[in-house]
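Have a look at the structure below, then the notes.
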Amino acid sequence: MSAAPPPIRLAINGAAGRMGRALVEQVRGDARFVLCHVVTAASGWADAPALDVVVDFSSAAGLAAALEHCLGRDIALVSGTTGLDAALERRLAEAAQRIAILRAANFSLGVAVLTRLLRAAAAALPDWDLDIAEAHHRDKRDAPSGTALALGRAAADARGSTLEALAIHDRGGARREGGIGFAVMRGGDIVGEHSALLATTGERLELVHRATDRGIFARGALHAAAWLRGRPPGAYTLDDAM
Ligand code: NAD
């Protein structure tokens with residue numbers, strides 16, 4: 001009988017935030033991990049101990065700092081942070097040649113399935129109008145959400161195009177044929193809702209996901225962290241870990 005692997009030495013970046021707090025709570029009862037370090041905007045990375053995986057839900061600046069720390073020490077990185085600019089996206093792509101990085105705009109299993117369903121519907125109904133709507137709590141910074149954009153990207157790809165070519169963010173005037181429209185709502189403490197509406201004359205199809213508890217994202221991110229430990233360098237997605 002082979003011995004169980006030692007627990008994964010984990011750090012949580014953005015530990016004082018909504019997601020960070022959900023992660024700290026969940027990881028404490030999870031024997032796969034030992035929580036070695038927590039990073040907040042104030043603490044930074046000084047004095048961090050040896051680590052296997054960093055889980056990041058912070059900000060673009062927080063992710064950039066975590067990435068530098070991981071690169072210098074061959075630590076795997078799981079990140080759910082959204083709203084990154086093109087320069088940071090490029091740095092992450094380059095970094096994935098040296099360390100293992102798994103990113104997802106949404107770590108819920110339901111959204112992973114929603115994405116697959118939308119891909120199938122967008123391809124099967126290529127001429128139907130498609131809009132993606134999302135709602136989040138009043139403090140969310142980026143809009144549309146990273147998940148809404150990822151859904152749009154999946155649908156555009158299923159229709160043989162790109163989101164850059166099809167996205168409609170400014171809704172003035174009549175609907176542009178073949179475009180993918182986005183609608184954003186912000187308010188209260190909404191954890192995260194996403195819906196895709198496919199419509200044609202006389203009928204419509206709606207696909208909806210509602211998250212009511214941040215614990216689902218934390219669970220998905222910890223599953224990804226356990227899967228990522230010891231993997232070779234690369235840019236991984238949640239699909240790889242499912
Ligand atoms: P939040 O604002 O509650 O928390 C973010 C935390 O990061 C704050 O405590 C902030 O002080 C901290 N932070 C900022 N800069 C930092 C730095 N340089 N170093 C360390 N910490 C820093 O936000 P949240 O709701 O927890 O979301 C965080 C991010 O995760 C956002 O980008 C959000 O869109 C994303 N998110 C992703 C998923 C997913 O499943 N992928 C789910 C929820 C939220």
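None of the figures in this text is laboratory data; all of them are computed from the coordinates on show. Small disclaimer: the values here were computed from a predicted structure and weren't measured. We place every Cβ from the backbone using ideal geometry, glycine too, and count neighbours over all the protein chains shown.
The ellipsoid equivalent to the alpha-carbon distribution of region 118-227 has semi-axes of 26, 17, 13 angstrom, derived from the gyration tensor eigenvalues as √(5λ) and listed largest first. Summing Lys, Arg as +1 and Asp, Glu as -1, what charge do residues with Cβ under 14 Å from the Cβ of Pro126 carry, Pro126 excluded? Surrounding charge for Pro126 is -2.
With the cut-off at 1.5 for a/c, could you classify region 111-150 from its C-alpha gyration tensor as rounded, prolate or oblate? Write out the running numbers ahead of the final one.
Numbers: a/c = 3.46, a/b = 2.08, b/c = 1.66.
Prolate, since a/c reaches 1.5 and a/b exceeds b/c.
Taking a sphere under 12 Å around the Cβ of Phe57 and counting the other residues whose Cβ falls inside, with K and R at +1 and D and E at -1, yields a net charge of +3.
Approximating the spin labels as points 7 Å out from Cα along Cα→Cβ, the Arg91-to-Glu68 distance works out to 0.7 nm.
Of Thr237, Thr115, Thr212, the sequence from fewest to most neighbouring Cβ atoms within 10 angstrom is Thr212, Thr237, Thr115. Taking the number of Cβ atoms within 10 Å of each Cβ as an exposure proxy, the fewest-first ranking of Arg138, Arg91, Arg176 is Arg138, Arg176, Arg91.
Ranked for footprinting exposure by Cβ neighbours inside 10 Å, fewest first, Ile216, Ile180 give Ile216, Ile180. Considering only Leu84, Pro144, Ala3, and ranking their Cα positions along the charge dipole of the chain that arises from unit charges at the beta-carbon of Lys, Arg, Asp and Glu, the one farthest toward the positive end is Ala3. Shown here is the pair-distance distribution of region 11-127: with all Cα-Cα distances grouped in 10 Å bins from zero up to the longest one, the shares run 12, 40, 31, 12, 4, 0 percent. Put a dot 7 Å past each Cα toward the Cβ at Ala42 and Thr212; how far apart are the dots in nm? Label at Thr212, label at Ala42, 3.5 nm between them. The residues neighbouring Arg229, those whose beta-carbon lies less than 13 Å from its own, together hold a net charge of +1 under the Lys/Arg +1, Asp/Glu -1 convention. When peptides 32-39, 201-208 are sorted by average Cβ neighbour count within 10 Å, with the highest value leading, the order is 32-39, 201-208. Helical content alone sets the calculated 222 nm signal of the chain at -10500 deg cm²/dmol, taking -39,500 (n - 2.57) per DSSP H segment of four or more residues and averaging over every residue. Largest first, the extents of the alpha carbon coordinates of the chain on the three principal axes equal 60, 41, 33 Å.
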